[in-house]
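A quick write-up on the structure given underneath.
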Amino acid sequence: MRGASTPKLWGSTPKRLRRVIRPMISTSGCVKNQSIYKQCLLTVDKMSVNHTPTCPRSPAQHDEPYSIFDLRQKRIIIFIVSAAATFSGFASNIYFPALPTIADDLNVSVELVNLTVTAYLVFQALAPSLWGPVSDVKGRRVAYCCTFAVFLGACIGLAEARDYATLVALRCLQSAGSASTIAIGSGVIGDITTREDRGGYMGVFQAGLLVPVAVGPVIGGALAGTLGWRSIFWFLAIYCGVFLAFLVLSLPETLRSAVANGARVPPSWFAKHPLSLYQRTTKVKWMSRGVPLPPAKKFDVTGPIRILFDKRAALIMLFLAVYYAVWQMSITAMSSLFKSRYNLSDTHIGLAFIANGVGSMIGTLVTGRILDIDYRRVKARHEAANETDDAAIDSPAVPEFPIERARLRLIPVFSLLQSLSVVVFGWTINFSRHVPVAVPVASTFVTGWTAVSTQSLVMTYLVDVFPDRSAAASASLNLARCLLAAGGTSFVMPMVNAIGVGWAFTVCVAAQVVALLGAVVQWNYAGRWRREMQSG
């Protein structure tokens, strides 16, 4: 038996009331509950005439911005966290051109020195699982200061290292200090941005992270070739000390459980400055310091591990981890391969890394803009579909926003390009007698561009899926990609020696093709999994 017809005033019904009425309408357009439906119709009539909400909000609730930081202040904050993220890249990439020189100086094989890269990546994977939760509980400033203090001490020790064991141990400590700047920076960006503008800011952040990929090897090669490899770590120690002082003086606390949208005065004296200066100088209008705080988070070291095995994130992180590992394997092998196949010096090897770094920076900046454009386009289509009268009436509920369509659309393109560039890299070096060094160097431009673009897509996606645990989500992604990269860098040269450069990187591309299936599953089923978890 058919119920009452659907309301004629549907087109003028406010969105929030449609969400209440919609579940009362069956897929055939019939009303399920007559009495409640009539009450809703009366409310629609009143609201269409008066245009006033039945439950008006207070001015503080209505006008309070998501973040009190204005555009200029956001840019300053993004610049600071992007500069902080350079330490992870510098500590890793500035080291690559000096690997053969360090092996000679410490009287060990290149394969053993390559294991220091593996050790660095292992601790780069594990450290954010500690510092990410610290930043989510104690604050971003506290976490930054602790990590930089560890990094500074490790750099001084590395500059004075006299044996291989000390080198390995201090590289692990250095990694523990620098790696977490990525997770903490992602948390800061999640604190001050919304989905609409987050992609562009994440692109800038990723570019800051990748500046060292371009200039780090050049600096490292120049220092190792002129002042010796120890000067690399003295350079990093000086850079860290100067930047730490700058960060303490200029970065405000942004943790939302401590300062809400930036309007609250935190209880800790260390967190009050320079936040109070930002509050006084912002151009954003905000009503009150009484903005309610989100619930305080508990210290949870296992949080990143749980996210790692969460079905909403596991497959896409595995996909990225494989692609990141192949990228790291190629740039780790570059130093030894270019020295043995093309007889390049440390300085020239450092210059050869520029293409990879420039490609990385261009990729992340362009991808950040594309992410914002994609998000706005998908959002406009989503809202337009829900505004259509017939579609709105026939739907039993508002469809969930398709975040996969907004963030992961370009993954197949970047995957194909990276796979092709890795194949070119391997086989051109394999035939180095007939192919000039410029060809594999050019291929690293494409590899860096696509690898970092893919990373930017996935990192932004995870911050959107886990908005209240952005630092933990970033730490989880870091854990997956760095552990896999650590394994890859440890056996890349033995694999090259066993089957040749060309076939070694062909095997890597085969692994990438298999990993792409995880992204396909994520695209098709992630939305359903989120709905199941929300309803269950």
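The values are calculated or read from the model by the stated rules, or taken from the named source; none is laboratory data. Treat the numbers as computed from the prediction; the structure is a model and nothing was measured. With ideal geometry, Cβ positions are generated from the backbone for all residues, glycine too; neighbour counts draw on all protein chains shown.
See the values below:
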item: Conditions (1) over 28 Å from residue 316 (Cα atoms); (2) under 21 Å from the mean Cα position of the chain (by Cα): number failed by residue 440; result: (2)
item: Scope the stretch 137-195; condition more than 27 Å from residue 102 (Cα to Cα) and of a type in the set (Gly, Ala, Ser); matching residues; result: 139, 143, 183, 185, 186, 187, 190
item: Residue list for the stretch 482-536, filter: farther than 14 Å from residue 330 by Cβ, of a type in the set (S, T, N, Q) and more than 24 Å from the chain's Cα centre (by Cα); result: 490, 497, 534, 535
item: Answer residue from the stretch 159-193, given it is in contact with a Ser or Thr (Cβ under 9 Å, 6 or more places away or on another chain) and more than 30 Å from residue 253 (Cβ to Cβ) and is surrounded by the most Cβ atoms within 10 Å (Cβ to Cβ) among those; result: 171
item: Which listed residue, of 184, 219, 189, 232, is over 23 Å from the mean Cα position of the chain (by Cα), closer than 25 Å to residue 456 by Cβ and of a type outside the set (S, T, N, Q); result: 219
item: So residue 448, is it assigned by TED's automatic domain parsing to the domain that holds residue 359, more than 17 Å from the chain's Cα centre (by Cα) and closer than 23 Å to residue 118 by Cα; result: no
item: Hits in the stretch 124-163 - residues which are farther than 17 Å from residue 91 by Cβ and of a type in the set (Val, Ile, Thr); result: 134, 137, 142
item: Matching residues in the stretch 248-306 - criterion: being within 12 Å of residue 136 (Cα to Cα), modelled with pLDDT under 80, surrounded by fewer than 19 Cβ atoms within 10 Å (Cβ to Cβ) and among the small types (Gly, Ala, Ser); result: 296
item: Qualifying position, being under 28 Å from residue 112 (Cβ atoms) and part of a loop (DSSP other than H, G, I, E, B), among 165, 176, 161; result: 161
item: Only listed residue being touching a Cys at 6+ places or on another chain (Cβ under 8 Å) and either surrounded by 21 or more Cβ atoms within 10 Å (Cβ to Cβ) or assigned by TED's automatic domain parsing to the domain that holds residue 325 (or both), chosen from 73, 124; result: 124
item: Residue tally, condition in contact with a Leu (Cβ under 7 Å, 6 or more places away or on another chain) and either crowded, with 23+ Cβ neighbours inside 10 Å or under 14 Å from residue 153 (Cα atoms) (or both), over the stretch 222-243; result: 6
item: Lone qualifier among 220, 228 - being on the phi > 0 side of the Ramachandran plot and either out of contact with any Lys or Arg (no Cβ under 6 Å at 6 or more places or on another chain) or in contact (Cβ under 8 Å) with a residue 40 or more places away in the chain (or both); result: 228
item: The stretch 353-367, subset in contact with a Leu (Cβ under 7 Å, 6 or more places away or on another chain) and either of a type in the set (Val, Ile, Thr) or over 18 Å from residue 415 (Cα atoms) (or both), residue surrounded by the most Cβ atoms within 10 Å (Cβ to Cβ); result: 367
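Here's the yes/no breakdown for (1) at pLDDT below 75; (2) of a type outside the set (Phe, Trp, Tyr); (3) farther than 30 Å from residue 332 by Cβ; (4) not in a helix (DSSP H, G or I):
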{"position": "383", "(1), (2), (3), (4)": "no, yes, yes, no"}
{"position": "386", "(1), (2), (3), (4)": "yes, yes, yes, no"}
{"position": "392", "(1), (2), (3), (4)": "yes, yes, yes, no"}
{"position": "414", "(1), (2), (3), (4)": "no, no, no, no"}
{"position": "418", "(1), (2), (3), (4)": "no, yes, no, no"}
{"position": "421", "(1), (2), (3), (4)": "no, yes, no, no"}
{"position": "427", "(1), (2), (3), (4)": "no, no, no, no"}
{"position": "445", "(1), (2), (3), (4)": "no, no, no, no"}
